[in-house]
Structures are given as C-alpha cells and as structure tokens.
Amino acid sequence: MEENITTKESLIKKHGFTEADFEQIKALGISLDKIEGELLLFKLGIPKIYIQKPATINDGILKLSKEEFQKYAALFDSKKSSLKLKKFVPASGAASRMFKFLNEFLNEFDFENETINAYINRKKERNLSIFLAGIEKFPFYEEVKSKVKLLVDNYYSLESHEKSYHFIKTMLATEHFDFANKPKGVLHFHKYDTHIATPVEEHLNECAYYAASNSVSHLHLTISEHHEALFQKIIEEVKVKAENKTNTQLNIGFSYQDKSTDTIAVDLQNKPFRNEKGELVFRPGGHGALINNLNSLDADIIFIKNIDNVIQNHIEETTLYKKGLSGILLDVQQKIFEFVAAIDNNLIEQNDIEAIIDFMTQKLNIDVLDDFYKYTFENKLDYIKSKLNRPIRVCGMVKNEGEPGGGPFWVRSVKGNVSLQIVESSQVDIHNAEQAQILAKATHFNPVDLVCATKNYKGNKFDLNNFIDHSTGFIVHKNNKGKELKGYELPGLWNGAMAKWITVFVEVPLVTFNPVKTVNDLLKPAHQPQHEN
C-alpha cells in the first residue's frame, strides 16, 4: 500500500495529477506504476535495437523443398487428431489506410474547376489512376454504382470523371458505405459467381482447410467492441454455408483489446497530454497489447495471421505451407519436450550435454554463452532448461520485395546475447550508417505467418507475459485535433512481445502472402476471380 501512495504522490508532485485523473485511471483499470513507468520512458527515450546482421538462408532462415514441406505437412496431419488447434486473427484495425489516397483526393480535388485527370497530373497521383482504370473489377463496384445512381439525379448525363468523383464520395461517405472507418475484416474483398466474400469469410474457409482437428475448427478474432455487431452479422450469414461446404464445425470467439493496456500520451515537452476538457489522453497500446488475448487461449497449436492476408485462389498451396510450418513446430517441440522431461527426471548425463547444445545452436538458433562450459553440471542443466522451457514460434518468411514492415534479423542485446528477432525499421537507428546498411541488406520480410505452441511438456500453459522484452516498445508521434502528441506503443505482438520465445524462421513462397494494404491491392491476381482459358 505504501508503494501505491508513493507512486500517487509522485504523479501529483511531478506531473500535476488531480483526483479526477486518478478516478479516470481507476476506471480504465490501469496501475499507477504502469503510468509512472511510461512517463519515465518518454523522458529517457527508448534505446534502439542493435541488429548484428540480417537473417538469411542457412543463417537463421531454413529453406526447404516442396517435398520436405509435404513431409512435414503429413507429420502434422498424422498428429492433429490428438491436438486442439486454434487460429488467432487480429481484426480490430480500421481500413483507413486502405483508402488514404482516396480520402486525400476528396479533400484536395477542386470539383468545380478541374477534371480528375488534371488532379492526377497536378498531384502525380498514380494510385488514383490505377484505381480508376480497374474500378469495374472491385468486388464492391456494382453495389456502390447502384447507390450512386439513386443519389445523383442526373447520373446518366454526367461526364465520366464526374461519375468517378461521386462513386468515390459515396464509397467513403459516413452516411453511405463509410468504408474507411469500417474494420478491414468486414469489407468486400473477393467476388465469386454466387456471392461476394469478406476477409472474415475467407478466414473461416481457411480454418477448415488447415486448422481443423476431428472436423472441428476454432477461430478467434480480436475486434473493437463497437464493431462486434458487424462481425456477428457476417458470421451469421456465412458460417453454416462454410460448415456445410467443408464438413467442419466452426467455432468462432471474440475478444477486445483490454483497456488496461492503453498507454498515456504526452505533449512534446513530455508532460501528460490533456484534451479540451482537461482530461488525460490514453491511446491503444498497439498490437503488442494482444499478447494478453493470446495468453488467454487454450490450444496446442495456434496459427496467427493478419486479417487482410487472405486469398481467392491457391488455397491448397497456402494450406500445404501452413501445415508444413506446423509439422516443423511439432518436430522441434517433440525434441525439446524430451530434453526438458529428461532434465526434470534426472536422466541427463554429462556426455549428453554436447548433443543438446548442438541441437539448441543448430536447430533452434540459440546463442549459448561462452562461459557455459565453465559451469558445474547442475548449472549447465539449469541453463539448458531455462532456454528450452519456453513457448515456441515457427515463422514463415517471404523474400523481400520492398513491402513495408518488419524482417528477420540477428539482434544483440545490451548484455551481449544474440537472438533471432522480427524487427521493424522504426526500432533501428537509421542515422547510424552501419545499422542502416545492415537494415538495407535484409533478404526476407515478415508476412505475419506464425504457428505457435504455448504449452510445456506437461500440457500446462506458459504465462506469455514472462517472455516479453519490455525495452522494445515504440514512441510514436501523433496528432489530436491539431495538437501534436507522443504516444507509447507496447512491444509488438510478433516483435518484443515474443522476443524471448524459441524462434524458427522458415522461407515460404510469395504465393502465401497476399496482403491488402491499399484498396488497389484488390486488383492483384490473388484477389481476382480465376477464369478458365
């Protein structure tokens, strides 16, 4: 109790907190120690990660033939009946970035005095050209066009560019389709002969292909509470159809990002940021907050994939590589479990140590301390167990083709430990020429294609909070109604939140990675119907 009083007094004295502030904090379920720690982070700054070198093929990334993937997929298929499988999809994100260039167009286009072509030339807006050239191929085209015809009295007498303007305006208008403010998961992504599918429906179908055991599949979506009705509506419409099509019972669960993981915002002088009412401003802690949601799941294998990485074609190929990653996980896990169980049962002898260390360094990319061989036998066993008794992730990696996002690197900690990590460019000091050069040499990209095991050999769940590197959060610059602020984002879900997991990186083909970052990505072959020749 004394510690809480001290923290409270500190927040009053150093930061001018009031009783109203403490009531607000209590309502959110946030601890005062957490807030004090975040305010200190803003003051001290977050040190950048030190990348030693990119992970590459045969140096941190495993490369397998298609036949080897088939072998591992068969291993997974042979064991899955005794396993509880679950697919975990972060799905709370709004589609604002998807339509960013179209919103900018609506804000900056001078409808009375210029044509869309003139705007494109003035702004050198290639994205808008691509959008308009492919407009009839978008899965939502017919629905939006029908609405525009109803709204615009003289539609048929309009010039082509005027029709395009009204189409975009109707698409994004809050009172009509409001696409940019809806979650990506509920938007129309794929047009089929019989219907138009959303990402939620595609993830349900995928579940039946690779995340099903004994004809039962579990999908867990993290969503925003105020969007739950949208997700429920889609699931009610498609669930039975997907179950009948795949002969699989589909169980869908939801969770929200816990408000207690929100983080305090500050102004540019690192003082608590307040809104026009004088209240403290808290922001969502980023996808790293979802480690709590993941921690609450009970499953033997958990597949993690982004909501927008779905495919209209090549589902069988995607399935092969997902199952293959799962087989690799099971193969590695079996060996780890054997070693940890043997340590617990006093079955390891001195001459077994070398083989275990070889497995750790060669198969798991674990960096063993130089001093290890000076340890006593008992200390060696303690050290080995501390390294092996952890959650496991097998991560698919695709060849880097210039996509924005994180990649696989060998990272050296301040203590000198080297480990495999997924690193975002914002975590690296790009003003350091050596670090910038290493970052530029990345050969692979993280598509968020993870297969995870979060239980120990006794079947007990790990507490995933024990394996977070809390020093790897992000300070971000944002805007609140015209005022600049700084926010703190927690260590990313597949970055610092999993930093202390056992990590295996495996190259997977690009066909498995089909994100929709902008609306124009829906024009790519992976998101368009296949037509027979």
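The values are calculated or read from the model by the stated rules, or taken from the named source; none is laboratory data. Here the structure is a predicted model, which means the values were calculated and not measured. Here the Cβ is made from the backbone with ideal geometry for all residues, glycine too, and neighbour counts use every protein chain on show. With ligands, DNA and RNA removed, areas are computed over all heavy atoms of the protein, side chains included. Shrake-Rupley method; radii C 1.70, N 1.55, O 1.52, S 1.80 Å.
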> Taking H as built 1.01 Å from N, whose amide H comes closer than 5 Å to the amide H of His220, not counting residues under 5 places away?
Replying inline: Lys87, Phe88, Val89, Gly253
>> Just to be sure I understand: of the beta bridges DSSP finds with both ends in the range 204-278, what percent are antiparallel, rounded to 5?
In response: 30 percent
> Quick one: Cα centre-to-centre distance for the range 481-497 and the range 418-434, in angstrom?
Replying inline: 17 Å
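Taking each pair of different alpha-carbon atoms in the range 16-87 once, compute 1/r for the pair, average those values, and report the inverse of that mean as the Kirkwood hydrodynamic radius in Å to one decimal.
Working: mean 1/r = 0.0544 Å⁻¹.
With all distinct Cα pairs of the range 16-87 included, I get 18.4 Å.
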> Under 20 Å from the Cα of Lys14, which lysines turn up, not counting those fewer than eight places away in the same chain?
Replying inline: Lys26, Lys34, Lys43, Lys271, Lys486
> Considering only protein heavy atoms, what per residue accessible area in square angstrom results for the chain with a 1.4 angstrom probe?
Replying inline: 49 Å²
> Which entries in the list Lys86/Lys385; Lys184/Lys322; Lys13/Lys500 go over 25 Å, if you measure between the two C-alpha atoms of each?
Replying inline: Lys86/Lys385; Lys13/Lys500
> Over the C-alpha atoms of the chain, what are the Rg and the largest Cα-to-Cα span, Dmax, in Å?
Replying inline: 25.4, 87
> Over the range 1-72, what percent of the accessible surface lies on carbon and sulfur atoms, probe 1.4 Å?
Replying inline: 56 percent
>> With a 1.4 Å probe and all protein chains left in place, how much of the accessible area of the range 352-402 comes from carbon and sulfur atoms, in whole percent?
In response: 42 percent
> Rounded to the nearest 5, what is the percent of antiparallel bridges among the DSSP beta bridges in the range 376-533?
Replying inline: 75 percent
> What is the diffusion coefficient of the range 398-499 in µm²/s, taking the Kirkwood radius over Cα pairs and the Stokes-Einstein relation at 37 °C with a viscosity of 0.692 mPa s?
Replying inline: 209 µm²/s
> So what's the range 96-140 giving for Cα Rg divided by 2.2 N^0.38 Å, two decimals?
Replying inline: 1.16
> Considering only DSSP beta bridges with both partners in the chain, what is the antiparallel share in %, to the nearest 5?
Replying inline: 60 percent
> Lys/Arg Cβ at +1, Asp/Glu Cβ at -1, dipole of the chain taken about the Cα centre: which of His287, Thr198, Ala74 is farthest positive-ward?
Replying inline: Ala74
> Could you state the number of Å between the C-alpha centres of the range 56-91 and the range 324-400?
Replying inline: 19 Å
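Roughly how many percent of the accessible protein surface of the range 276-348 is carbon and sulfur, given a 1.4 Å probe and a whole-percent answer? Kindly include the intermediate steps, with their values, before the conclusion.
Numbers: 1140 of 2490 Å².
That fraction is 46 percent.
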> Taking the Cα centre of the chain as the origin and placing charges on Cβ (Lys, Arg +1; Asp, Glu -1), which of Thr443, Thr7, Ala212 is farthest toward the positive end of the dipole?
Replying inline: Thr443
> For the chain, what is the mean residue ellipticity at 222 nm derived from helices alone (per DSSP H run of n ≥ 4: -39500 (n - 2.57); sum divided by total residues; nearest 500 deg cm²/dmol)?
Replying inline: -11500 deg cm²/dmol
> So what is the relative contact order of the chain, in percent, for Cα pairs below 8 Å that sit 6 or more residues apart?
Replying inline: 24 percent
> So which of Lys71/Lys239; Lys233/Lys461; Lys100/Lys145; Lys182/Lys517; Lys147/Lys191; Lys305/Lys415 end up more than 23 Å apart, counting from Cα to Cα?
Replying inline: Lys71/Lys239; Lys233/Lys461; Lys305/Lys415
> Can you give the alpha-carbon Rg of the range 149-212 over 2.2 N^0.38 Å, where N counts its residues?
Replying inline: 1.55
